[in-house]
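Colleague: Just dropping this structure here.
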Amino acid sequence: MQHRLSLLILALISTLASTLLLSACGGGPQLPPLAEDAVMLAFGDSLTHGTGAKDAESYPAVLAAATGLTIVNAGIPGEESDAGLARLPDLLAKEQPDLIILGHGGNDLLRKRDLNLTKDNLRQMVELAQSSGASVVLLGVPKPGLFIGTHPLYSELAEAEGIPVEEEALADILSDPDLKSDAIHPNAAGYAELAAAIHALLQRTGALN
């Protein structure tokens, strides 16, 4: 009886230790810490550009102010993922970022492009960024429809590539009329919430203190 009790206690201690370890590391993929002179590249379409708000109110601008780091806003409104994939290599060579926030594919979803092609384009962007030495964070984009929710391709891609993903913030923001400028874009308050969510993710994954 005493032996079985000892085994039970050891099992409980092991489970608790595993839980604490997962909690300490955020329970998901971790990122290398960013240096004080690190450069982040925010890469995407109008949601990255900040359509619906002033330039200084875009999420990259708000995040840069919060972190004190250089963040290059490389968002082009209306761009689809194939054009983004073609554009990315030159940007990587020019900016040499330490971390990329990849928020692309929204226009593919709106225009009903082939989902497999969109997913493959995003995968190639992730791999290009990683081969350049940059860490990658994926920003999930909502799927069009009456009920706003992030398209599952983003969580699927993040799991396959072993990278962090912020998959709730945009859907939550665009579900709140007070946080959006039109049907598909946040307003200044919405972009501030998006920046805060990405900031929290970077802290959970170890990129920021």
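The values are calculated or read from the model by the stated rules, or taken from the named source; none is laboratory data. All of these numbers come straight from a predicted model, not from anything done at the bench. Cβ: placed from backbone, ideal geometry, glycine included. Neighbour counts: every protein chain shown.
Colleague: Would you mind listing the strands (runs of 3 or more DSSP E) fully within segment 37-118 where at least 1 residues are among the polar types (S, T, N, Q), in contact with an Asp or Glu (Cβ under 9 Å, 6 or more places away or on another chain) and closer than 22 Å to residue 173 by Cα? Before you say what the answer is, go through the steps one by one.
Modeller: Values: elements: 39-44, 70-75, 99-103.
Those strands (runs of 3 or more DSSP E) span 70-75.
Colleague: Taking segment 97-117, which residues are farther than 22 Å from residue 195 by Cα and either touching a residue at least 60 places away in the same chain (Cβ under 8 Å) or not acidic (Asp, Glu) (or both)? Don't jump to the end; show me each part of the working.
Modeller: Applying the first criterion (farther than 22 Å from residue 195 by Cα) to segment 97-117 yields 108-117.
Those that are farther than 22 Å from residue 195 by Cα and either touching a residue at least 60 places away in the same chain (Cβ under 8 Å) or not acidic (Asp, Glu) (or both): 109, 110, 111, 112, 113, 115, 116, 117.
Colleague: Could you list, in sequence order, the residues of segment 162-191 that are small (Gly, Ala, Ser) and not in a helix (DSSP H, G or I)? Lay out the reasoning, then the answer.
Modeller: Our first condition is that a residue be small (Gly, Ala, Ser); within segment 162-191, this holds for 162, 169, 171, 175, 181, 183, 188-190.
Of everything in segment 162-191, those that are small (Gly, Ala, Ser) and not in a helix (DSSP H, G or I) turn out to be 162, 175, 181, 183.
Colleague: Check off (1) over 23 Å from residue 65 (Cα atoms); (2) part of a helix (DSSP H, G or I); (3) in contact (Cβ under 8 Å) with a residue 24 or more places away in the chain for residue 159 and give me the number that stays unchecked.
Modeller: Condition (3) is where residue 159 drops out.
Colleague: State yes or no: is residue 194 surrounded by 15 or more Cβ atoms within 10 Å (Cβ to Cβ), touching a Phe, Trp or Tyr at 6+ places or on another chain (Cβ under 6 Å), touching a residue at least 40 places away in the same chain (Cβ under 8 Å) and assigned to a strand (DSSP E or B)? It would help to see each step written out before you state the result.
Modeller: Details: surrounded by 15 or more Cβ atoms within 10 Å (Cβ to Cβ): yes; touching a Phe, Trp or Tyr at 6+ places or on another chain (Cβ under 6 Å): yes; touching a residue at least 40 places away in the same chain (Cβ under 8 Å): yes; assigned to a strand (DSSP E or B): no.
No: the conditions fail for residue 194.
Colleague: Can you find, within segment 145-157, the residue that is modelled with the lowest pLDDT among those that are surrounded by 14 or more Cβ atoms within 10 Å (Cβ to Cβ) and farther than 17 Å from residue 116 by Cβ?
Modeller: So in segment 145-157, the residues surrounded by 14 or more Cβ atoms within 10 Å (Cβ to Cβ) come out as 148-151, 153-155, 157.
Subsequent filtering for residues that are farther than 17 Å from residue 116 by Cβ retains 148-150.
Working: 148: 84, 149: 89, 150: 93.
Among those that are surrounded by 14 or more Cβ atoms within 10 Å (Cβ to Cβ) and farther than 17 Å from residue 116 by Cβ, it is 148.
Colleague: Applying the selection to segment 167-184, what residues are under 18 Å from the mean Cα position of the chain (by Cα) and touching a residue at least 24 places away in the same chain (Cβ under 8 Å)?
Modeller: Applying the first criterion (under 18 Å from the mean Cα position of the chain (by Cα)) to segment 167-184 yields 167-174, 184.
Listed by number, the residues that qualify are 167, 168, 169, 170, 171, 174, 184.
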